[in-house]
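Take a look at the structure below.
Bear in mind these aren't lab numbers, they're just calculated from the coordinates by the rules spelled out. Everything numeric here is computed off the predicted structure, so don't read it as measured data. Neighbour counts are summed over all protein chains in view; Cβ atoms, including those assigned to glycine, are modelled from backbone coordinates with ideal geometry.
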Amino acid sequence: MKSKGSEVERVLIIGSGPAGLTAAVYAARANLKPLVLAGGLYGGQLMLTTEVENYPGFVEGIMGPDLMIRFREQAERFGARIENVDVTAVDFSKSPLLVSAGDAQHVAETVIVATGASARWLDIPGEERLRGRGVSSCATCDGAFFREKHIFVAGGGDSAAEEALFLTRFGRRVTIVHRRDRLRASKIMSDRVLSHDKIDVMWNTVVDEVVGDSHVAALRLRNVGDGSVIEVPADALFVAIGHTPNTAVFAGQLDLDEHGYIVSPDGTSTNVEGVFVAGDVYDVRYRQAITAAGAGCRAAMDAEKYLEALEFKVSPLARL
Ligand code: NAP
């Protein structure tokens, strides 16, 4: 493995969605010359979306990938170095911290983990092709595009319930398609969903295919009990079957909860000194670009404070 040698990074950021790149802007402006290991597919979930209408400052909205290019250029303008590589291993058992990416090993005084979470998808025909054209995983982001439309939601947990309730603000009708005969969602959310006059539930049903050319036109639904298949007209499908946090590489190094999210007592620190967290890799609740950006700012400021305090202690280099 090619070591980056005795160059100890002051701040190394893993991930390049709104959290990672905002952390990079703040760390760079604090003259900490952050290194961002952005991932092979840099930019996070916004690279997979179309129009973003709720990011403040963009009156007419902005395309998700364009927004992330701006984040990146802003970080680079202040001196952040960004490498489109995937982190393959970390060793946080001692200080300084070690991060491997490809054939290089980086040494860092602080690490900000902002690797995000990935929405789970159904993996059915039409789903990927029509993403951003009626197929979405974020009602807060895309619900407003479907005013007075018939919207479908796949899933039966709290996310599906929350998405369905939110979508009633826009849709003429919201239909939840759930593979079992009862919701997994908490009692209070289930009660709200089941008593809502705009929401109905198709039980024991799965979506087999999303049908449409330039946008969603229909769904092919299968009853898992009797195997019968129907095609119903539809304007949108929101997939809400959970998220997977991108934390595989941190297992055994950072405390993770039972769903794999990084545990943080205060929303920035972790169980390892000098390792901070920001964005959806920790936040199961808000999952918004703006909240992730805010978290990136906080993590960078906390890393900066940590480095300041460290200067009065032994240099991590001395412990190499
Ligand atoms: P979840 O609780 O894991 O629920 C996922 C749902 O999707 C389940 O109903 C599951 O069906 C269904 N599902 C999974 N894979 C599927 C597939 N391939 N095809 C069809 N259906 C599939 O995930 P979540 O709803 O995102 O919630 C995650 C955690 O966050 C939970 O702890 C939840 O309580 C919490 N959360 C809380 C709130 C809130 O309190 N407001 C909001 C959102 C999330 P089965 O039921 O058959 O397994």
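Of the listed peptides 118-130, 299-311, what is their order by residue-averaged count of other C-beta atoms within 10 Å, with the highest listed first? Please list the in-between numbers first.
Values: 118-130: 15.8, 299-311: 18.4.
The densest-packed peptide leads the list: 299-311, 118-130.
Calculate, in whole percent, how much of the Cα-Cα pair population of the range 1-94 lies beyond 23 Å. Don't skip to the end; give the middle numbers.
Numbers: 1300 of 4371 pairs.
Tail of P(r) above 23 Å: 30 percent of Cα pairs.
Using the Karplus curve 6.51 cos²θ - 1.76 cosθ + 1.60 with θ = phi - 60°, work out ³J(HN,Hα) for each residue of the range 169-185 in order, rounded to whole Hz, and write x for Gly and Pro.
Calculated HN-Hα couplings, in order: 5, 10, x, 6, 8, 10, 10, 8, 10, 10, 6, 10, 9, 8, 6, 7, 4 Hz.
Relative contact order of the range 238-295: what whole-number percent is it, with Cα pairs under 8 angstrom and at least 6 residues apart? Show your work: numbers first, answer last.
Numbers: 62 pairs, mean separation 14.5, N = 58.
Relative contact order, the range 238-295: 25 percent.
What list do you get for 186, 136 if you sort them by fewest beta carbons within 10 Å? Show your work: numbers first, answer last.
Numbers: 186 12, 136 27.
Placing the least packed residue first, the sequence is 186, 136.
Going by how many other beta carbons lie within 10 Å of each one, how would you line up 264, 159, 16, 228, fewest first?
Ordered by Cβ neighbours within 10 Å, fewest first: 228, 264, 159, 16.
Return the single residue from 245, 233, 56 with maximal mean-square fluctuation; model: Gaussian network over the chain, springs between Cα atoms under 10 Å.
56
Could you tell me the largest-minus-smallest coordinate of the C-alpha atoms of the range 121-239 on each of the three principal axes, in descending order and whole angstroms?
38, 35, 22
Pairs of lysines 8 or more apart, or on different chains, with alpha carbons under 29 Å: count those in the chain, would you?
Final tally of qualifying lysine pairs is 15.
Would you mind working out the magnitude of the charge dipole of the chain relative to its Cα centre, with +1 at each Lys and Arg C-beta and -1 at each Asp and Glu C-beta, to the nearest 20 Debye? Could the numbers behind the result be given before it?
Details: 34 positive and 42 negative charges, 41 e Å.
Once rounded to the nearest 20, the dipole reads 200 debye.
Counting other C-beta atoms within 10 Å, which of 68, 202, 47 has the fewest, and how do the rest follow?
On the way: 68 24, 202 19, 47 16.
In increasing order of surrounding Cβ atoms, one gets 47, 202, 68.
Please list the three semi-axes, largest first and in whole Å, of the ellipsoid equivalent to the chain, using sqrt of 5 times the eigenvalues of its alpha carbon gyration tensor. Write down the numbers at each step before the final one.
On the way: eigenvalues 335, 77, 58 Å².
Square roots of five times the eigenvalues give 41, 20, 17 Å.
Isolated Cys in the chain by the 4.7 Å beta carbon test?
297
At 222 nm, what value in deg cm²/dmol follows for the chain if DSSP H runs of at least 4 each add -39500 (n - 2.57) and the sum is divided by all its residues, to the nearest 500?
Values: 6 runs with 70 residues, N = 320.
Helices in the chain give a 222 nm mean residue ellipticity of -6500 deg cm²/dmol.
Suppose we keep just the DSSP beta bridges with both residues in the chain; what percent of those would be antiparallel, to 5?
Working: 27 of 61 bridges.
Around 45 percent antiparallel, to the nearest 5.
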